[in-house]
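Participant: Once you've had a glance at the structure underneath, I'll fire off some questions.
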Amino acid sequence: MKFRHTRIESLAWVKPPVELTSAEIERRLEPVYRRLRLPEGRLELMTGIGARHFWEGPVLPSWAAAQAGSKVLERSGIDAGEIDLLIHCGVCRDRLEPATASSVHRLLGLGQGTQILDVSNACLGFLNAMLLAAGLIESRQLRSALLVTGEDGLPLLERTLRVMAEPTQTRQSIKPLFANLTIGAGAAAAVLCHEDAAPTAPRLLGAVVETDTSHNELCQGATAGDGLEMLTDSEALLDAGLAVTGRAWTRFCDELAWTAATPSRVVCHQVGRAHQRRLLGDLGIPEERDFPTYHFMGNTGSAAVPITLAAAAEAGALGPGDSVALLGIGSGLSSVMMGVQW
């Protein structure tokens, strides 16, 4: 799919205030490490994640998303009352009903004519929402859309630490739990609009989607008591994910007439060091073109790509004329790759 008239009018991200380092997590797991004879420092060594951040106390995803939404609206030239569509894109949601977007709408004071909905697709929700909003903008069914997500991995992390500490656990039984230790929290937001409203803003060029649901059992999460539960076959998920992204990249380059040399900058989903290096290596993209945030944010789910894109823009890593590739992957498995002209 190609786009001609959709612009990223503004971006914002929020880093939660409480830092939790990988070393601190391992200190809490010290009895487990000692009993199972696991080497200290393996968490950061294996993932490249030195820290992740969490909110102060329990928060609703709508509250977290609204923090980023408020920030992006302050930067936007489009008034809150003029937003035509609000999409909440997170893995985390307030409840089954009503839509988390309804709470975000109320917190932000958006207009009565704003359509609201939730879009959920694991870590791909935000990119999927960008595709949906862009399609509506291109067809002139709406002029502007506000996309928000607020993720909080602390309930998952806390339950994982409790489960790993159970005396019946073995090296093999805790292996599917280690991916949970990489999860963090964060929020991101973007305003997309027709080029008539922001003719010089970064433009969406096009995107492709590649899906292989034969691997949808490799990472599964659900509620569990007063917390969350997620089991991941990390090695198989990495291999299957790279197969999906490899096919997506081939189609993406065909769609936009790009090669590995085209993008000035790439923004990947932030899983960790192994995923980053293997993905870029498989696609033939030099690592210096990547802008990673996993080392201090961990994996923030659906917020990972927009957080990283916003952080890259704030850091001056994106300049006028740059071609930017957004490389998304989500459990299920599905990949979205999107081109942006800065």
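Values quoted throughout were computed directly from the atomic coordinates according to the rules given, and no laboratory measurement underlies them. On a predicted model such as this, the values are computed, not experimentally measured, just so you know. Note that we place each Cβ from the backbone using ideal geometry, even for glycine, and neighbour counts take in every protein chain shown.
Participant: Given R₀ = 25 Å, FRET efficiency for Thr21-Leu96 by Cβ-Cβ distance, to 0.05?
Facilitator: Numbers: r = 34 Å, r/R0 = 1.37.
My answer for the efficiency is 0.15.
Participant: Put one equal scatterer on each alpha carbon of the range 23-95, apply the Debye formula with no solvent term, and list log10 I(q)/I(0) at q = 0.12, 0.24, 0.27 1/Å to two decimals.
Facilitator: Each listed q corresponds, in turn, to -0.60, -1.08, -1.19.
Participant: Within straight cross-link reach of Lys175, meaning Cα distance under 20 Å, which aspartates and glutamates are found once same-chain residues fewer than 8 apart are removed?
Facilitator: Filter leaves Glu24, Glu26, Glu30, Glu40, Glu44, Glu158, Glu166, Glu217, Glu229, Asp233, Glu235, Asp239.
Participant: Still on this model: Considering only Ala325, Ala165, Ala133, give the residue with the highest GNM mean-square fluctuation for the chain, with springs between Cα atoms whenever their separation is below 10 Å.
Facilitator: Ala165
Participant: Give the average over all directions of the projected area of the C-alpha convex hull of the range 252-302, one decimal, in nm².
Facilitator: Values: hull surface 15.5 nm².
Its average projected convex-hull area is 3.9 nm².
Participant: If contacts are Cα pairs under 8 angstrom and at least 6 residues apart, what is the relative contact order of the range 1-127 in percent? Each step should come with its number before you reach the end.
Facilitator: Numbers: 149 pairs, mean separation 31.1, N = 127.
This gives 24 percent for the range 1-127.
Participant: Return the long-range amide H neighbours of Leu86 (sequence gap of 5 or more, or a different chain), with a cut-off of under 5 Å between placed amide H atoms.
Facilitator: Answer set, sorted by chain and number: Gln115, Ile116, Leu117, Leu146.
Participant: Let me ask another. Between Glu287 and Gln172, what length in nm is gained on full extension when 0.36 nm per residue of separation is reduced by their alpha carbon distance?
Facilitator: On the way: separation 115, 0.36 × 115 = 41.40 nm, distance 3.28 nm.
Full extension of this stretch gives 38.1 nm more.
Participant: Could you list which residues have their amide H under 5 Å from that of Ser10, counting only those 5 or more apart in sequence or on another chain, with H placed in the peptide plane?
Facilitator: So Ser10 has HN proximity to Val191.
Participant: Over its Cα atoms, what ratio of radius of gyration to 2.2 N^0.38 Å does the range 163-298 give?
Facilitator: Values: Rg = 18.4 Å, N = 136, 2.2 N^0.38 = 14.2 Å.
Dividing the Cα Rg of the range 163-298 by 2.2 N^0.38 Å gives 1.30.
Participant: Give me the one-decimal nm value for the distance between modelled label points at Gln112 and Glu40, 7 Å along each residue's Cα-to-Cβ direction.
Facilitator: 6.3 nm
Participant: Sticking with this structure for a sec: So for the range 198-342, taking the charge dipole from beta-carbon charges (+1 Lys/Arg, -1 Asp/Glu), which of Leu279, Ser331, Leu205 sits furthest toward the positive end?
Facilitator: Leu205
Participant: Taking the Cα centroid of the range 253-309 and of the range 166-222, what is the distance between the two, rounded to the nearest whole Å?
Facilitator: 13 Å
Participant: How far apart, in nm, are the 7 Å Cα→Cβ label points at Thr200 and Ala261?
Facilitator: In this crude spin-label approximation the distance works out to 3.1 nm.
Participant: Report the equivalent ellipsoid semi-axes for the range 42-159 in whole Å, largest first, defined as the square roots of five times the eigenvalues of the gyration tensor built from alpha carbon atoms.
Facilitator: Details: eigenvalues 158, 51, 37 Å².
Semi-axes, largest first: 28, 16, 14 Å.
Participant: Mean shadow of the range 1-56, computed from the convex hull of its alpha carbons, in nm²? Write out the running numbers ahead of the final one.
Facilitator: Details: hull surface 29.2 nm².
In nm², the orientation-averaged hull projection of the range 1-56 is 7.3.
Participant: Using Cα pairs under 8 angstrom and six or more residues apart, how large is the relative contact order of the range 74-232, in percent? The partial results should precede the final answer.
Facilitator: Numbers: 215 pairs, mean separation 37.0, N = 159.
So the answer I get is 23 percent.
Participant: List every residue whose amide H lies under 5 Å from the amide H of Asp94, counting only residues 5 or more places away in sequence or on a different chain, with H placed 1.01 Å from N in the peptide plane.
Facilitator: Ser62, Thr100
Participant: From the phi angles alone, apply the Karplus equation (6.51, -1.76, 1.60; θ = phi - 60°) to the range 252-261 and give each ³J(HN,Hα) in whole Hz, x where the residue is Gly or Pro.
Facilitator: With the stated coefficients, the range 252-261 comes to 4, 5, 5, 5, 9, 6, 9, 10, 4, 7 Hz.
Participant: Between helix 125-138 and the chain, what is the angle of the helix's C-alpha long axis to the longest principal axis, kept within 0 to 90° and rounded to the nearest 10?
Facilitator: Computed tilt is about 10 degrees.
Participant: Over the range 176-279, calculate the relative contact order: mean separation of alpha carbon pairs under 8 Å at least 6 apart, over the residue count, as a percent.
Facilitator: Working: 63 pairs, mean separation 30.1, N = 104.
Relative contact order for the range 176-279 comes out at 29 percent.
Participant: Relative to the longest principal axis of the C-alpha atoms of the chain, give the angle of the C-alpha long axis of helix 61-75, reported between 0 and 90° and rounded to the nearest 10°.
Facilitator: 40 degrees
Participant: If you stretched the chain out fully between Phe296 and Arg4, how much longer would it get, using 0.36 nm times the residue separation minus the C-alpha to C-alpha distance? Don't skip to the answer; put the middle values down first.
Facilitator: Numbers: separation 292, 0.36 × 292 = 105.12 nm, distance 3.52 nm.
Contour length minus Cα-Cα distance gives 101.6 nm.
Participant: Find the centroid of the Cα atoms in the range 1-65 and in the range 127-154, then give the distance between the two in whole Å.
Facilitator: Using only Cα atoms, the two centres lie 24 Å from each other.
Participant: Continuing with this model, one more query. Students often forget the sequence filter, so: which lysines lie under 24 Å Cα-Cα from Lys71 once same-chain residues fewer than 8 apart are removed?
Facilitator: Correct list for Lys71: Lys15.
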